[in-house]
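Right, one structure below, let's go through it.
The values are calculated or read from the model by the stated rules, or taken from the named source; none is laboratory data. Since we're looking at a predicted model, the values are computed, not measured. Surface areas here come from the heavy atoms of the whole protein model, side chains and all, with no ligands, DNA or RNA. Shrake-Rupley method; radii C 1.70, N 1.55, O 1.52, S 1.80 Å.
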Amino acid sequence: MQTIWKGAISFGLVNVPVKMYTATEDNDISMRMLHKEYNVPIQYHRTCPKCEEDVNWSDIVKGYEYEPGHFVTFDKKELEALADEKSREIRILDFVHLEEIDPIYFQKTYYLAPDESGSHAYNLLVSALEKSEKIGIANVTIRSKSSLAAIRVIDGVLSMVTMWYAEEIRPKEQVPNLPKQQKADKRELDMALMLIDQLTGSFEPDKYEDDYRERLLDAIEDKVEGKEVKAAPEEKKTNVIDLMDALQQSLKQMKGNPGEEDEDEGEKKSAGSKTKRSTKSRSGSASGSGARSSSKSKAKSPSKKAAEGAGKAKRRSKTAAKKTGS
């Protein structure tokens, strides 16, 4: 991991030197914008509309538009001076329980590791947070951006989750077309609760996959191989008349799945045994040497589908290695 920030966590008079690392990564597949006629990547230029010339980064300053067409400007040194020494400090203001914070406030998670001289203080803060079962609420400035942050322990490692300030959360009253609160129909509510019970389980993050990403990777592989890309058939839409019908059909589907799986499994076993018997009788009637020769050649030749799958897997591993290297 690459260090993206160095500083210290402070609470009271205690200082904990730390290094910061990103805890998450974006696995979206990056695509470039091309000119349709030539398949050439589009280029962007920083151009001044007044002199109609390209502008170098050294000639660019930041400005705030206080009136249309009127700006006050700041160069890099002025902005750094405003950040002052607090830009290298994660200052804990309060300690609270995690359950008190609505997830709407959370932004991005970072890991915090001790600096060379901060292991003792780091371990002390980890132990104190674990023992108290609380998290720290802090102020932090990263890359000229100030934000609220939650300092908590994840599997024995200090982490920092950037948070929105209260003034940055939009009030729900601004959401258009919200229905008025009404008392739910008892039968519909009971069926909705039954459906929730059917779908309730433990949170296992590994079982959730990005289906769109997989479909896109398959489509990319097919195009590289010169194949025609075919979209998956749409699921049949059920003619649901009202909410009660939707709930009833959902419950039927949930209850029907286990039986269908058992039935499919039974059919597979039955078909497998029939195939085995049929193969055995045919091999008995055929000539011994010819049958042995034929079966041996079939066993050695891999299927075309398996070969294509191996090729795709190999290319995907190359793509993943290239991304890791970059």
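Provide the solvent-accessible area of VAL157, counting protein heavy atoms only and rolling a 1.4 Å probe, rounded to the nearest 10 Å².
Estimated to the nearest 10 Å², VAL157 gives 50 Å².
Could you run the Karplus curve 6.51 cos²θ - 1.76 cosθ + 1.60 with θ = phi - 60° over region 122-135 and give me ³J(HN,Hα) per residue in whole Hz, x for Gly and Pro?
Taking θ as phi minus 60°, the curve returns 4, 4, 5, 5, 4, 5, 5, 5, 5, 5, 7, 6, 10, 10 Hz for region 122-135.
Could you list, in their original order, any pairs among LYS6/LYS172; LYS207/LYS255; LYS6/LYS134; LYS50/LYS76; LYS145/LYS207 whose Cα atoms are separated by more than 26 Å?
Numbers: LYS6/LYS172 37 Å; LYS207/LYS255 21 Å; LYS6/LYS134 24 Å; LYS50/LYS76 23 Å; LYS145/LYS207 35 Å.
Exceeds cut-off: LYS6/LYS172; LYS145/LYS207.
Long-range amide H contacts for ALA8: which residues qualify at under 5 Å (H placed 1.01 Å from N, peptide plane, sequence gap of 5 or more or a different chain)?
When sequence neighbours closer than 5 places are left aside, the close amide H contacts are VAL18, GLU89, ILE90.
Keeping the other protein chains in place, figure out the carbon and sulfur percent of the accessible area of region 1-87, with a 1.4 Å probe. Don't skip to the answer; put the middle values down first.
On the way: 4080 of 7770 Å².
Exposed carbon and sulfur together represent 53 percent of the surface.
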